[in-house]
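Each remark here refers to the structure printed beneath this line.
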Amino acid sequence: MTRPPRNVLRTPPAFPESALPAFIQKLERPEALVKAQALTFLMFEKRDLGATETFLTDFGMRCVSRTDSQLLARGTGTQPCLLMVRKGQRPRYLGAAFTVNSENDLARVEATTNARRLPPDSIPGGGAGVELIDPAGNLLWLVTGQQPVDPQPLRDPLHVLTNGPGTLRRVNATVRPPLEPAAVVKLGHVVLQTIDFPRMARWYMRHLGLIPTDVQYLEDGSPNLCFFRLDLGNTPSDHHAFVLAGGIEEKYEHSAYEVLDLDALGQGHNVLRANGHRHMWGIGRHVLGSQLFDYWFDPDGMEFEHYTDGDVFTADHETHYVPLEMSGIWAWGDDVPASMGVKRNLTTLFRVARLLRLGLLSAARLKLLGRAMTQARPWL
């Protein structure tokens, strides 16, 4: 594979309007008729309103009105409608509705354009409005006086520094993560596979004083994977510094390195991919440990993980046990890659046959391992 040139890695410059270089033409602003206050809802035409409702529900909206000819869907806020979907012959975008301050704004638009007054019952939530058509033929509705609805329950943001609906912690400031490698802050953990899980686990716990944070067990209840953390007393310790997985060989699985935040993870991903490195898996979020992750192969095919936002626990946190299954590896993101499972080839067949012959692996345990590592998310 040809390595992409490094000059694709660049951050476009940003210039304030007061200091434009000569080659940039200033975009002149005409005098405004009105000042829209919000993007209120969008309008679409669809053939199948039932299928549309199903999708919007799965997408996180709620249908508030459904007839043979129209569907209205809202979100969790006070706006009565986010999407107006009409039944039509072909799926297409129709236009957008914006809120303006008052009836005076509507009258001003009517007096200076060819706007059409909207029937009051055509506006979700009531009020008044006018309809214009843009140069491309799209509808533009200007509305005022809609009645708000009661908000629906919404969980708090998971990241305390994130701007979200009704919560603005970053004002008059932007997020511009630098396009650079994700600076590794520390070595976070290493993961090993072993044939004799009980023996290896005892040895490491004895010699390192490790605390089991989460133990994953097979269908027969036998522990077969453990996330161990360091015993730091009352000082919070990473969910795991060492991971041991029972399997069919003694093997390094991967090591993980903490980076500053999700933006570092994402920009680091860009740098690695642009420079021709081989991506393995991510970006996603793990279940046990909760880390946001991104996995890569080094030039020899060994696995290295960037991660951020992991769980931490003090020594008094109780050990937890969970079933060992593929769905427990990640919460969201692309499907777990085949490279994380057992390779189905002659080498694996000979290895398993040898372990069975030596009594280091039973047929029953082999079946349990196979069932635990089957595909958990067939839709991905």
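The values are calculated or read from the model by the stated rules, or taken from the named source; none is laboratory data. Please read these numbers as outputs of a predicted model, since none were measured by experiment. Counting neighbours? That spans all protein chains shown, and the Cβs are built from the backbone with ideal geometry, glycine included.
Would you point out which residue out of 86, 90 is part of a strand (DSSP E or B) and among the basic types (Lys, Arg)? Going through 86, 90 in turn, the sole match is 86. Restricting 282, 310, 266 to residues that are of a type in the set (Gly, Ala, Ser) and touching a His at 6+ places or on another chain (Cβ under 6 Å) narrows the list to 310.
One residue stands out in the stretch 83-129 among those that are within 33 Å of the chain's Cα centre (by Cα) and under 15 Å from residue 140 (Cβ atoms): the one that is surrounded by the fewest Cβ atoms within 10 Å (Cβ to Cβ), namely 93. Of everything in the stretch 145-201 that is modelled with pLDDT under 80 and not in a loop (DSSP other than H, G, I, E, B), the residue that is farthest from the chain's Cα centre (by Cα) is 167.
Taking residues in the stretch 211-234 that are farther than 19 Å from residue 253 by Cβ, and partners anywhere that are basic (Lys, Arg), the pairs with Cβ atoms closer than 7 Å and at least 6 places apart or on different chains are 211/229; 219/371. Has the stretch 66-75 got at least one residue that is more than 27 Å from residue 115 (Cβ to Cβ) and surrounded by fewer than 12 Cβ atoms within 10 Å (Cβ to Cβ)? The answer is yes, given that some residue of the stretch 66-75 is more than 27 Å from residue 115 (Cβ to Cβ) and surrounded by fewer than 12 Cβ atoms within 10 Å (Cβ to Cβ).
Exactly one residue out of 310, 282 is of a type outside the set (Val, Ile, Thr) and in a strand (DSSP E or B), and it is 282. Within the stretch 248-267, one or more residues are over 26 Å from the mean Cα position of the chain (by Cα), crowded, with 18+ Cβ neighbours inside 10 Å, within 27 Å of residue 373 (Cα to Cα) and not charged (D, E, K, R). Of the listed requirements (1) among the β-branched types (Val, Ile, Thr); (2) in a helix (DSSP H, G or I); (3) touching a strand residue (DSSP E or B) at 6+ places or on another chain (Cβ under 6 Å), residue 322 misses just one: (2).
Whenever a residue of the stretch 132-155 is free of Cβ contacts under 8 Å to residues at least 24 places away in the same chain and assigned by TED's automatic domain parsing to the domain that holds residue 96, its partners that are part of a strand (DSSP E or B) and not polar (S, T, N, Q), lying with C-beta atoms within less than 6 angstrom and at least six residues away or across chains, give the pairs 132/140. I'm checking my understanding of the structure. Among residues of the stretch 1-31 that are modelled with pLDDT of 85 or more, not hydroxyl-bearing (Ser, Thr, Tyr) and not in a loop (DSSP other than H, G, I, E, B), which one is surrounded by the most Cβ atoms within 10 Å (Cβ to Cβ)? Here the residue is 17.
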